[in-house]
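Reading through the structure tokens given below for one structure.
The numbers here are math on the coordinates, done by the rules we state, and not lab data. This structure is a prediction, so every number in the text was calculated from the model and none was measured.
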Amino acid sequence: SEQNDRLSVFLLTGIYRFEGSNAMFIDPVRILNRSYTRFRVLPSAYYSRFFDSIADNSTETQNNCSRNSKKRKRNKKKEKSQNLNPREQIADQRHQEVRSMLLKAHEALIKSSEFLEIVMNLRNDGCDKEKCETNVISQDTELDFVEVGSVWQAPLYEITLNFHQDEMMEKNAGFPLFQFYEQRVVQVFNNLVANEGSSDVEAEFLNHRYIVPKKSCFYMSDLGKIHNLIPAESDRGFNLIVIDPPWENSSAHQKLKYRTLPNRYFLSLPIKQFTHTVGSLVALWVTNKEKLRSFVENELFPKWGVKYAATFYWLKVKADGLLISELDLFHHRPYECVLLGYCHRDDMNSEHLLRLNHVPNNQVFISVPGDYSRKPPIGELLLEYVPGFRPARSIELFSREMIADWTSWGNEPLHFQDSRYFLRK
Ligand code: SAM
């Protein structure tokens, strides 16, 4: 039946499109797995949150829950009784405009009981429970790239790339034990480090192991060095640019996770210089703060030369399909937005301009969030709106992970490439 077709498409691709809806559910683990040949993403490491609370019925958790919900109710009361300031009123108006659309998207998920069962098991996917449980991550051994990158020896640090030649294996199909390795040692910071091969690379840096996807590269540096990534020729530029800036935020938790930057720093991002001659689709993750939204609309996009096209929504659910927080909670919405726009170079011909695709507004993608502030990989969902050629030339700015066929830039693009997040196939 059609439902079965959709389920099997999901199991293959990680994308489930609800019938007659602008919503889809995505499993980032399945999407990311397409980047790897010899490894796969460990679901229990990706889904580090939003599964425990459901299975765990201990009184401790229940107590915490009821305490939290009491606190929440108090806050809600406070919100209602407090008059919203003009800025908050605009934010609330934005929310009211999309509220029923988001509810409808969520309803599509809740109504698919057969599919919900699959969602519930995403964390144990394809690995027996014991194996997944034993892989529980210990936080203390993670490398802090920002710290390592800021010491005086940083320019001297090198990463060892161990290339695995699949082709050689195939050519020597009669000798399965024959394996060919090539080792390359290169500067790790302020350097474009690439795996041009069609197989994963295992990399070593300061006694840590990282998995680098096929046909991917990273440039690990501070914002001050981002200009080194501007292509010398514009036909080497990018036609898809995804950006998730470290916006300033009052969340104390965030402050412990990564450093943030004042808005004015993002004005100087060379988006136009990164753009290919065919133009680019720019996807910018934003928070729900009105001050930020108006900054992007009135200052940032105009400064970058980006013309706004549409807004997409990421709706966050727990493993049981329920929203991670109440939809109407003012300071903790269970969704985030991606603002989409087109950028074109001044030297672009008008023929290309006319061909910039049309993006429908208000698409919703639903998923169970991974680690704190980790965004789902949306590149594939955007592909049909990307101007020009395929495969797209894609770059992610302020990235913490790598994807096949993408360039990743940020001060910690290897963060989620740590081998602890992977299983050998
Ligand atoms: N999209 C990422 C993900 O899904 O995991 C999260 C990106 S997070 C919002 C912002 C990133 O910008 C963090 O990794 C942070 O370390 C990085 N960052 C902060 N200040 C930076 C700077 N001055 N230069 C480069 N990267 C910076």
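For the pairs Lys375/Lys425; Lys289/Lys316; Lys225/Lys307, flag any whose C-alpha to C-alpha distance is greater than 23 Å.
In this structure, Lys375/Lys425; Lys225/Lys307 exceed 23 Å between Cα atoms.
Taking amide H positions as placed 1.01 Å from N in the peptide plane, with prolines and chain starts having none, which residues 5 or more places from Phe39, or on another chain, fall under 5 Å of its amide H?
Lys425
Residue-wise, which Karplus ³J(HN,Hα) couplings in Hz belong to the range 190-198, taking 6.51 cos²θ - 1.76 cosθ + 1.60, θ = phi - 60°, and x for glycine or proline?
6, 8, 7, 9, 10, 10, 7, x, 9
For the range 285-299, just list the computed ³J(HN,Hα) in residue order, Karplus coefficients 6.51, -1.76 and 1.60, θ = phi - 60°, integers in Hz, with x standing in for Gly and Pro.
3J(HN,Hα) across the range 285-299, in whole Hz: 6, 10, 8, 8, 6, 4, 4, 6, 4, 6, 4, 5, 5, 8, 10.
Using modelled backbone amide H atoms (1.01 Å from N, in-plane), which distant-in-sequence or interchain residues come within less than 5 Å of Asn191's amide H?
Under 5 Å from the amide H of Asn191 lie the amide H atoms of Met220, each far enough along the sequence or on another chain.
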